[in-house]
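The values are calculated or read from the model by the stated rules, or taken from the named source; none is laboratory data. Source: prediction; values computed, not measured. Cβ placement follows ideal geometry from the backbone for every residue including glycine, while neighbour counts extend to all protein chains displayed.
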Amino acid sequence: MRILVTGGAGFIGSHLVERLLQEGYAVTVLDDLSGGRLENLGAVRDHPRLRILIGDVTDPVTLRRALEGVERVFHLAAVVGVPRVLADPLRTIRVNVRGTEMVLEACAERDLPVCLASSSEVYGKGIRWPAAEEDDLRLGSPTVARWAYAASKLLDEHLALAWARQGLRVSVVRYFNVYGPRADPDGYGYVIARFMDQALRGEPLTVYGDGRQARSFIYVEDAVEGTLRAGFLPKAFGWIFNIGRAEEISIRELAEKVRAITGRSVPVRFVPFSEAYGPGFEETPRRVPEVSRARALLGFEARVTLDEGLRRTWEWWRVCRRG
Ligand code: UDP
């Protein structure tokens, strides 16, 4: 079976591609390399079952070519990461909405099952935590560019569920702060990737705000497992799944943990949000998933503890980004 992974050269995408190849599938990657990098596929680049297509998911000819011989799709291609979204909200909306619309239509035409990557960002500032999939959402005003990402992903989810009602076999995964090797500290701005980079260079860890804001982090290998289950299990179709880990940690504590695990005695520097992201930025003070649906329907539970995941991530950082 050949499987298309859009965004397959990205952080999560490349891990998913490796896993699918390990499981014996043939894989086509479609990626425009705007966020992804070919080096992310370095270990499998010459794999005989891997086909890599560089191109834009919103280009109909490219998409048609990418779907040749494909029996299942994981749609991960998107503009992601707070810095990227702030830099170009228009492109964020265009790629995330038009890209998904086109992928879903193409899958419907060909009767292909598809799993769509969404984000816990759709919960916005949140109403109650842990948040469950059917909870109400609380996004900020459209005058705050950050919410363009959440709005685009939310529309993607609506599209997916509308197509599911038409009989399309589609599932949605909402990722909660995925981290691990290959996370891009620059483009996406992922906090753990940034802390690892900073520790490696002996620079202060930049904690935004007072660092009391909290997140729950899931190691990429776990996120891939959850994605696979949501993409393959027939009972997943028509559902949205939180893919995350319930354990919560403040960013301030995270910085301490990174210092301890990396053994680099770098200081912590507190940076006001306005300095990090510009004036008028709105932060999400907490974000924790309710994970019972993924457990009940997918039999999925994140296994890698934060300590273990950080150790593995640091190991990769030291070796591959040279410490
Ligand atoms: N953050 C931080 N320092 C950084 C980058 C991020 O303190 O150098 C904080 C950010 O304000 C947020 C958390 O870390 O509270 C997670 O940020 P990230 O961009 O990884 O993901 P988000 O959850 O905001 O989408």
Which count do you get for residues in segment 22-71 that are in contact (Cβ under 8 Å) with a residue 40 or more places away in the chain and among the hydroxyl-bearing types (Ser, Thr, Tyr)? 3
Within segment 38-94, considering residues that are touching a Phe, Trp or Tyr at 6+ places or on another chain (Cβ under 9 Å) and of a type in the set (Lys, Arg), the one modelled with the lowest pLDDT: ARG84
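Is it true that ALA246 is under 30 Å from ALA162 (Cα atoms), touching a residue at least 24 places away in the same chain (Cβ under 8 Å), among the aliphatic types (A, V, I, L, M) and touching a His at 6+ places or on another chain (Cβ under 9 Å)?
Values: under 30 Å from ALA162 (Cα atoms): yes; touching a residue at least 24 places away in the same chain (Cβ under 8 Å): yes; among the aliphatic types (A, V, I, L, M): yes; touching a His at 6+ places or on another chain (Cβ under 9 Å): no.
It is false that ALA246 is under 30 Å from ALA162 (Cα atoms), touching a residue at least 24 places away in the same chain (Cβ under 8 Å), among the aliphatic types (A, V, I, L, M) and touching a His at 6+ places or on another chain (Cβ under 9 Å).
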Just to verify a result, which residue in segment 148-181, among those that are of a type outside the set (Phe, Trp, Tyr), within 16 Å of the ligand (Cβ to nearest atom) and in contact with a strand residue (DSSP E or B) (Cβ under 6 Å, 6 or more places away or on another chain), is nearest to TRP317 (Cα to Cα)? GLY180
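Matching residues to (1) among the β-branched types (Val, Ile, Thr); (2) surrounded by 20 or more Cβ atoms within 10 Å (Cβ to Cβ):
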position	(1), (2)
ILE192	yes, yes
LEU200	no, no
PRO204	no, no
SER216	no, yes
ASP222	no, yes
ALA230	no, yes
PRO234	no, no
Failed item in (1) in a loop (DSSP other than H, G, I, E, B); (2) of a type in the set (A, V, I, L, M, F, W, C); (3) touching a helix residue (DSSP H, G or I) at 6+ places or on another chain (Cβ under 8 Å); (4) away from the ligand (no atom under 16 Å from the Cβ), with ALA145 passing the rest: (4)
Provide a single number: the residues in segment 283-323 that are more than 20 Å from the chain's Cα centre (by Cα) and either closer than 30 Å to THR143 by Cβ or of a type in the set (A, V, I, L, M) (or both). 3
Apart from one, (1) touching a Gly at 6+ places or on another chain (Cβ under 6 Å); (2) part of a helix (DSSP H, G or I); (3) more than 15 Å from the ligand (Cβ to nearest atom) all hold for THR313; the odd one out is (3)
Has segment 281-302 got any residue that is within 16 Å of the ligand (Cβ to nearest atom), out of contact with any Gly (no Cβ under 9 Å at 6 or more places or on another chain), at negative phi and modelled with pLDDT of 95 or more? no
Residue count, segment 1-28 (criterion: aliphatic (A, V, I, L, M), outside any strand (DSSP E or B) and crowded, with 16+ Cβ neighbours inside 10 Å): 6
Take residues that are hydroxyl-bearing (Ser, Thr, Tyr) and away from the ligand (no atom under 14 Å from the Cβ) and tell me which of the helices (runs of 4 or more DSSP H) falling wholly in segment 191-272 contain 1 or more. 220-232, 251-262
